[in-house]
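The values are calculated or read from the model by the stated rules, or taken from the named source; none is laboratory data. All of these numbers come straight from a predicted model, not from anything done at the bench. Cβ atoms come from the backbone with ideal geometry, glycine included; neighbour counts cover every protein chain shown. Ligands, DNA and RNA are excluded from the accessible area calculation, which covers all protein heavy atoms including side chains. Shrake-Rupley method; radii C 1.70, N 1.55, O 1.52, S 1.80 Å.
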Amino acid sequence: MFKRRVSIVGGGIVGLAVADRLARRGAEVILFEKESRRAR
Ligand SMILES: Cc1cc2nc3c(=O)[nH]c(=O)nc-3n(C[C@H](O)[C@H](O)[C@H](O)COP(=O)(O)OP(=O)(O)OC[C@H]3O[C@@H](n4cnc5c(N)ncnc54)[C@H](O)[C@@H]3O)c2cc1C
């Protein structure tokens, strides 16, 4: 069984929510955010 690897572009509320959901389901998530801080 391989571990799913997912890349998400954008650390806004949607990107963070999707990253959280996928990580909780066991995926390896890489989040790309162009700004130095995440969504507030
Ligand atoms: C002035 C204003 C006021 C608002 N007020 C409200 C409110 O009161 N209540 C409400 O519910 N909604 C409000 N909204 C709407 C809300 O901000 C958006 O619906 C919500 O932020 C969308 O989330 P998102 O994750 O899709 O996009 P965004 O929040 O825009 O996040 C996208 C992220 O992707 C990053 N990004 C973009 N391009 C790249 C790239 N090439 N590589 C890496 N990272 C990248 C950006 O830096 C950003 O962090 C407001 C919007 C604005 C503009």
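At a glance:
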item	result
Accessible area (Å², per residue) of the chain, counting only protein heavy atoms and a probe of 1.4 Å	95
For the chain, with +1 on Lys and Arg beta carbons and -1 on Asp and Glu, the positive-most of 6, 32, 22 along the dipole	22
Protection-proxy order for peptides 13-19, 26-32, 3-9, each taking the mean of Cβ atoms within 10 Å per residue, highest first	13-19, 26-32, 3-9
MRE, 222 nm, helices only [DSSP H, n ≥ 4, -39500 (n - 2.57), over the chain, to nearest 500]	-9500 deg cm²/dmol
Label-point separation in nm, residue 30 to residue 8, each point 7 Å along Cα→Cβ	1.6
Relative contact order for the chain, counting Cα pairs under 8 Å that sit 6 or more residues apart, in percent	51
Cut-off 14 Å between beta-carbons: net charge of the residues surrounding residue 20, Lys and Arg +1, Asp and Glu -1	+3
Heavy-atom accessible surface of the chain: percent carbon and sulfur, 1.4 Å	53
Interatomic Cα distance distribution for the chain, bins of 10 angstrom, percent	32, 51, 14, 2
